[in-house]
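Participant: Quick one: this structure, given as structure tokens, is what I'll be asking you about.
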Amino acid sequence: MSGPSVPPASPGPRQDPPTSAAHQPAPPAADSEPFLVPNRKAGTGRFWSVRRIPAALLAAVVLGGAGIVLYDIAAVRAGRPAMRWRRTTADALARWRLDDPWVIAVAAAVVVLGLVLLVLAVTPGLRRLLPMRRHDPTVRAGLDRDAAALILRDRAMEVSGVRSVRVRMRRAKVSVRARSHFRDIDEVRADLDAALDAAIVELGLAKPPAPVVRVLGPSDRKG
């Protein structure tokens, strides 16, 4: 005797099995050598100096002078006599001539000060900080000149036959002066040029400087 038949369960909506991590599309691989592929779209100009000290000094001088003049003008309008420095300055300006040496010296000093302020306003400054290539528009990086020179010096000292190296780092040029002691100078220079070229590329600078290499032999006089 068979029991009551149970109707088969109705199949629900078909669900696909979850995709494993192995079947998911892999994200694009990052550049293994980012310093070899510069981003030309991002700006790679020099860093601008804030120049807090010159700005603070100039603001303090202007604010102090303007405050003293405004106070003296308000005092005169209130019926009080002008300050002594103002009367003395007015009398001196009435006596001085335009061809007076003191007038010319003061005017020249003011012109020089104005030119210095203009140069500070239109130049970026921070000459010791070398801008690096930008791969992200929101991130900027820089490398100190002394650090870059130390890296190039260490890389040059790894060349066989080099006894001592002196590196002077600039924005557009790297002066390298090496001294060899047991290898041929031409061979040392060739290896040194290759090592420095590779090291300069690895620095990742926005504008790689041109190396100027000079190799001296053991018999050359020290300069």
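The values are calculated or read from the model by the stated rules, or taken from the named source; none is laboratory data. Note that the coordinates shown come from a computational prediction; the quantities given were computed from them, not determined experimentally. Neighbour counts run over all protein chains shown; Cβ positions are idealised from the backbone, glycine included. Ligands, DNA and RNA are stripped out before the accessible areas are found, and what is left, the full protein with its side chains, is counted by its heavy atoms. Shrake-Rupley method; radii C 1.70, N 1.55, O 1.52, S 1.80 Å.
Participant: Considering each of R145, R170, R163, R189 in turn, give the residue that is modelled with pLDDT of 85 or more, farther than 30 Å from W96 by Cβ and in contact with a Leu (Cβ under 7 Å, 6 or more places away or on another chain). Break it down into steps so the answer makes sense when it comes.
Facilitator: Details: R170 fails: in contact with a Leu (Cβ under 7 Å, 6 or more places away or on another chain); R163 fails: in contact with a Leu (Cβ under 7 Å, 6 or more places away or on another chain); R189 fails: in contact with a Leu (Cβ under 7 Å, 6 or more places away or on another chain).
Residue meeting the stated conditions: R145.
Participant: Sticking with this one: Sort out which residues of the range 95-112 are outside any loop (DSSP other than H, G, I, E, B) and either among the hydrophobic types (A, V, I, L, M, F, W, C) or in contact (Cβ under 8 Å) with a residue 60 or more places away in the chain (or both), and write them in order of number.
Facilitator: Selection gives W102, V103, I104, A105, V106, A107, A108, A109, V110, V111, V112.
Participant: In this structure, does I104 turn out to be modelled with pLDDT of 85 or more and over 30 Å from L58 (Cα atoms)?
Facilitator: Against the criterion (modelled with pLDDT of 85 or more and over 30 Å from L58 (Cα atoms)), I104 does not qualify.
Participant: Can you tell me which residues in the range 54-82 are open to solvent by less than 60 Å² (accessible area, probe 1.4 Å) and outside any helix (DSSP H, G or I)?
Facilitator: Selection gives A82 alone.
Participant: For the range 113-123, state whether one or more residues are among the β-branched types (V, I, T), at pLDDT 85 or above and assigned to a helix (DSSP H, G or I).
Facilitator: Just the residues of the range 113-123 that are among the β-branched types (V, I, T), to begin with: 116, 119, 122-123.
Among the residues that remain, those that are also at pLDDT 85 or above are: 116.
Narrowing the set further to residues that are assigned to a helix (DSSP H, G or I) leaves 116.
Checked against the condition, which is being among the β-branched types (V, I, T), at pLDDT 85 or above and assigned to a helix (DSSP H, G or I), the range 113-123 yields at least one hit.
Participant: Is it the case that some residue within the range 187-199 is assigned to a loop (DSSP other than H, G, I, E, B), open to solvent by less than 70 Å² (accessible area, probe 1.4 Å) and either out of contact with any helix residue (DSSP H, G or I) (no Cβ under 7 Å at 6 or more places or on another chain) or without any contact (Cβ under 8 Å) to a residue 40 or more places away in the chain (or both)?
Facilitator: Taking every residue of the range 187-199 in turn, none turns out to be assigned to a loop (DSSP other than H, G, I, E, B), open to solvent by less than 70 Å² (accessible area, probe 1.4 Å) and either out of contact with any helix residue (DSSP H, G or I) (no Cβ under 7 Å at 6 or more places or on another chain) or without any contact (Cβ under 8 Å) to a residue 40 or more places away in the chain (or both).
Participant: Next question. Just checking, how many residues over the range 142-182 are surrounded by 17 or more Cβ atoms within 10 Å (Cβ to Cβ) and in a loop (DSSP other than H, G, I, E, B)?
Facilitator: Within the range 142-182, residues that are surrounded by 17 or more Cβ atoms within 10 Å (Cβ to Cβ) and in a loop (DSSP other than H, G, I, E, B) number 2.
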